[in-house]
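Only the coordinates and a few stated rules stand behind these numbers; no lab work does. Only a predicted model underlies this, so the values are computations on that prediction, with no experimental measurement involved. Cβ coordinates were reconstructed from backbone atoms using ideal geometry, including for glycine residues, and neighbour counts include every protein chain displayed.
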């Protein structure tokens, strides 16, 4: 297991619950941080809390913009003298049935959650190849188990997993490792919005127990940091759900029965096609 001391770590979606938690944990490990987020105000707040020290810098970046993302990645590499780890963590969600969903809703989720990861890694690869570093993307248990009103989100997360499996083979000859982390529901501002959304709350029963039970953000942070240290290719959080993920094809029909038709119809009736949430 490698130390993160003096490792240069890029984090996109850095001000969200997971991104911020990982940033704080990596800083405690002695890492140097390049923080990237689309929200200038929350990024400034994050920098203030972290202390605006010399080994932490921030960039206002929209992962939908290849030019600005490439510029930020190059500037981070120049400032710190290279990049060792990239954590592609920017993501959003919404609740909407396909019948009423506007195309721009679907496209925006895919553009940020999937193509945003591609852009992030594309911008980072020249630097990561030099350091023989590590690329890590936030996927989800939604990569394997697919809920109604979430065609856009589950598609994006399943595709992130598939894309990283492909990229891993491409970069293996260059000494670069690639990983995906697949958490279940965990407590962040995005999940709080989900619980307040009548559609999301109805679908998963408030995430109070059973297969949909929510875990703490700290649990996911710990696994993420451990993945960075061990350069792991795949982790499910919590660990006991790993078997479920690996036999998803067998379990999917069983889990589909947990979604009652009455709840699905009520969720569709109450869903908003513009109910954006941020990680």
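Under conditions of 20 °C and 1.002 mPa s, the chain yields 113 µm² s⁻¹ as its translational diffusion coefficient, taking Rh as the Kirkwood radius over Cα pairs in the Stokes-Einstein equation. For segment 1-135, the Stokes-Einstein estimate of translational diffusion at 25 °C and a viscosity of 0.890 mPa s comes to 161 µm²/s, using the Kirkwood hydrodynamic radius over alpha-carbon pairs. Structural size metrics of segment 74-156, computed from C-alpha coordinates, are Rg and Dmax of 15.7, 50 Å. Stretching residue 2 away from residue 129 to a fully extended chain increases their span by 44.0 nm, per 0.36 nm per residue minus the current alpha-carbon distance. Among 41-47, 143-149, the peptide with the highest mean count of other Cβ atoms within 10 Å heads the list, and the full ranking is 143-149, 41-47. With the simple model of a label 7 Å out from the Cα in the direction of the Cβ, residue 172 to residue 232 spans 1.9 nm.
Put the Cα centre of segment 35-57 next to the Cα centre of segment 109-142 and the gap is 21 Å. The simple spin-label model puts a point 7 Å past each Cα toward its Cβ; for residue 266 and residue 248 those points are separated by 2.8 nm.
Roughly how tilted is helix 217-230, in degrees to the nearest 10 and between 0 and 90, from the longest Cα axis of the chain? For helix 217-230, the angle is close to 50 degrees.
Taking Cα atoms only, the orientation of helix 151-171 departs from the longest principal axis of the chain by about 40 degrees.
The long axis of helix 40-50 is offset from the longest Cα principal axis of the chain by roughly 60 degrees. Between residue 256 and residue 54, the contour length at 0.36 nm per residue exceeds the Cα-Cα span by 67.7 nm.
Please figure out what share of the DSSP beta bridges in segment 8-278 is antiparallel and state it in percent, rounded to the nearest 5. Among the beta bridges of segment 8-278, antiparallel pairing accounts for roughly 5 percent.
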